[in-house]
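Okay, so here's the structure we're looking at.
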Amino acid sequence: MKKTLAITVLALTLATGCASPDGDVYISFDWTYTPEWFDTDDSNLPDTIYRNAEYVTGEGDYYFEYYHAESGYIRWIWYTLTAHDGVLPFVPGEDARFELFLSAFSDPAFIQWQSSTGAVSEEPDSITASASPRQPEDQRVQTFEQTLTSAGWTLSIRGGVIEAAAR
């Protein structure tokens, strides 16, 4: 009986072309020193992002740029997110969670999100999108590039600094 049911489900899945949906993709942000502003082409993100809050985004290639007065640097990063694939018919894949750490004095860090830990910071808990236009591409100096693949998700990143740090 179980074998017949499994064969029937498989046959229906193949006949109808039903594929299991991918899991959702979430991104959160953290920092030690609060950036003054950010700019992104991810339309899923709001104009104000909060520290350690998760935002539903989608698979795709995204650009993110931010400025820290502490270091005087504008930093940028391109990243590619892909979701966990679904395995069984009508059963979505696991959700993929990522965190972008907005460092003031070194390259940003992009990691698979695990949990919010540590003491509450005295830093403000949000930053607002920039009203100014994004820096020209010819001012971007790439300082890193990396691709990570693990457990059904892939993360590709590259980034660096903007030569002219003042807006």
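Once both labels are positioned 7 Å from their Cα atoms along Cα-to-Cβ, the gap between Gln146 and Asn44 label points is 2.1 nm. Heavy-atom accessible area with a 1.4 Å probe sorts Val141, Val56, largest first, into Val56, Val141. With a Förster radius of 35 Å applied to the C-beta separation of Ser106 and Glu59, the computed FRET efficiency comes to 0.80.
Shown are Asp42, Asp24, Asp107, Asp47, whose ranking by accessible area with a 1.4 Å probe and every protein chain present, most to least, is Asp47, Asp24, Asp107, Asp42. Name all residues of segment 48-73 having a backbone nitrogen under 11 Å from the label point set 7 Å from the Cα of Tyr33 along its Cα→Cβ direction, giving them as ranges. Within reach of a label on Tyr33, which here means backbone N under 11 Å from a point 7 Å along Cα→Cβ, segment 48-73 contributes 68-73.
The values are calculated or read from the model by the stated rules, or taken from the named source; none is laboratory data. In this text the structure is predicted, and so the values were computed from the model without any measurement. Neighbour counts are summed over all protein chains in view; Cβ atoms, including those assigned to glycine, are modelled from backbone coordinates with ideal geometry. Keep in mind that these areas ignore ligands, DNA and RNA; they rest on the heavy atoms of the full protein, side chains included. Shrake-Rupley method; radii C 1.70, N 1.55, O 1.52, S 1.80 Å.
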